[in-house]
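The values are calculated or read from the model by the stated rules, or taken from the named source; none is laboratory data. Keep in mind that this is a model prediction, so the values were computed, not measured. Positions of Cβ are backbone-derived with ideal geometry, glycine not excepted, and every protein chain shown enters the neighbour counts. Side chains are part of the model used for accessible areas, which takes the heavy atoms of the whole protein and leaves out ligands, DNA and RNA. Shrake-Rupley method; radii C 1.70, N 1.55, O 1.52, S 1.80 Å.
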Amino acid sequence: KAKRGGILDCEEYDETMRHYIMTEQSIVNDMMEALQRGEFKVYLQPKYDAATERVVGAEALVRWIHPVRGEISPAEFIPVFEHNGFILKLDQFVWEETCRLLRKWINEDRNPPPVSVNVSRVDFYSTQLVNIIEKLVQKYHLPRELLELEITESAYTDNPQQIVRVVKELQQRGYKILMDDFGSGYSSLNMLKALPVDVLKLDLKFLDDKNETGRGGNILNSVVRMAKWMHLPVVVEGVETRQQVDFLRTIGCDYIQGYYFSRPIPVEDYEHLLAQRTFVPILGKESQWLDA
Ligand code: C2E
Ligand code: MG
Ligand code: MG
Ligand code: MG
């Protein structure tokens, strides 16, 4: 018989669990249906070269266009999806949509710059992660460097050995790894040397003082300098003003992403941006995209 003592006895506990599991299951079912109904959309936020202010690629960011609630922010549903395990399904959808677009643009001779996708720390719980990504780039015949992978800094510190091993494998296969939200977690600058990372992404939202002459500016300045020592390019995101752009360029930040240049936009709008560029081969140098 059930023993008293805990908050719930076993029968009550079973009932509560059953209810809880059913609710979780019904949420997952709703999400799967929402995915099939096409309620999730991939938006693209362009990234700009800090020196030339030209588009050099984009980040894929998912949007849930709910029939009743309208556009729901990922900040609201990503944590829920990470909890109920739906995130890998959703991310697979975003990755595939991104691969499909890259293939379409290649076929249209647009010579597309890379697009980065977010990889949740929870995606690493799957032993199939590398396979899933490899299958996609093979299915769409993509050079691996076109699909960049953003992994949040805290994922590296969550489960260091396992995640670092998988990220290393991805990097060795030719994927570019961006460390997202660098500076928001706890990885020491020293630890960076041992981590598989190709690009650092800093978000201005983690600086409470955004004044370039204040502490925030000093921190940015030293992080960018440190990244240079390590030969790591730096993307700063969350850039909202002209002043920030100018400051970031002078301290040597390589790429900029933020509302100042563009919000995350629907695919068709990004295609218009790409169409405004012409491909210019430069002798003896890497070929470059220039605005038409
Ligand atoms: P993140 O990957 O660090 O993306 C940056 C977030 O900052 C995005 O929010 C973007 O819209 C926002 N942002 C960009 N520029 C500015 C700016 O100038 N000012 C401000 N205030 N915000 C700016 P979003 O799209 O709401 O996404 C939030 C987070 O949700 C993302 O942070 C990422 O961690 C997660 N996320 C979004 N899409 C996906 C996805 O497809 N898969 C996974 N696993 N996570 C995703
Ligand atoms: Mg990101
Ligand atoms: Mg970020
Ligand atoms: Mg951004």
For region 25-78, the count of residues that are within 14 Å of ligand 4 (Cβ to nearest atom) and polar (S, T, N, Q) equals 2
Residues located in region 90-123, provided they are part of a loop (DSSP other than H, G, I, E, B) and over 21 Å from V167 (Cβ atoms): E108, D109, R110, N111, P112, P113
Qualifying residues in region 62-81 (those that are under 30 Å from R110 (Cα atoms) and crowded, with 19+ Cβ neighbours inside 10 Å) - the one farthest from ligand 2 (Cβ to nearest atom): W64
Tell me which residues, restricted to region 139-177, are touching a residue at least 40 places away in the same chain (Cβ under 8 Å), among the charged types (D, E, K, R) and within 16 Å of ligand 2 (Cβ to nearest atom). E148, E150, K176
With the requirement that a residue be modelled with pLDDT under 75 and surrounded by fewer than 18 Cβ atoms within 10 Å (Cβ to Cβ), what does region 176-190 give you? G185, Y186, S188, L189, N190
Test P114 against the criterion of being out of contact with any Phe, Trp or Tyr (no Cβ under 9 Å at 6 or more places or on another chain) and under 23 Å from E33 (Cβ atoms), and give yes or no. no
Can L101 be described as open to solvent by less than 50 Å² (accessible area, probe 1.4 Å), under 16 Å from the mean Cα position of the chain (by Cα) and farther than 18 Å from M32 by Cβ? no
Just checking, which of Q138, Q92 is within 14 Å of ligand 1 (Cβ to nearest atom), of a type in the set (S, T, N, Q) and more than 19 Å from V199 (Cβ to Cβ)? Q92
Hits in region 127-136 - residues which are crowded, with 16+ Cβ neighbours inside 10 Å and not in a helix (DSSP H, G or I): none
Suppose we keep only residues that are more than 16 Å from ligand 4 (Cβ to nearest atom) and open to solvent by less than 10 Å² (accessible area, probe 1.4 Å) within region 146-175. Which one would you say is nearest to Y125 (Cα to Cα)? I163
Give me the pairs: first residue in region 263-275 and among the aromatic types (F, W, Y), second residue more than 16 Å from ligand 3 (Cβ to nearest atom), beta-carbon distance under 9 Å, and six or more apart or on different chains, which are they? Y270/V55; Y270/L101
Answer yes if at least one residue in region 137-145 is β-branched (V, I, T), more than 30 Å from F206 (Cα to Cα) and open to solvent by less than 50 Å² (accessible area, probe 1.4 Å), and no otherwise. yes
Can you name the condition, by its number, that N111 falls short on among (1) over 14 Å from the mean Cα position of the chain (by Cα); (2) over 15 Å from M31 (Cβ atoms); (3) open to solvent by less than 50 Å² (accessible area, probe 1.4 Å); (4) touching a residue at least 60 places away in the same chain (Cβ under 8 Å)? (3)
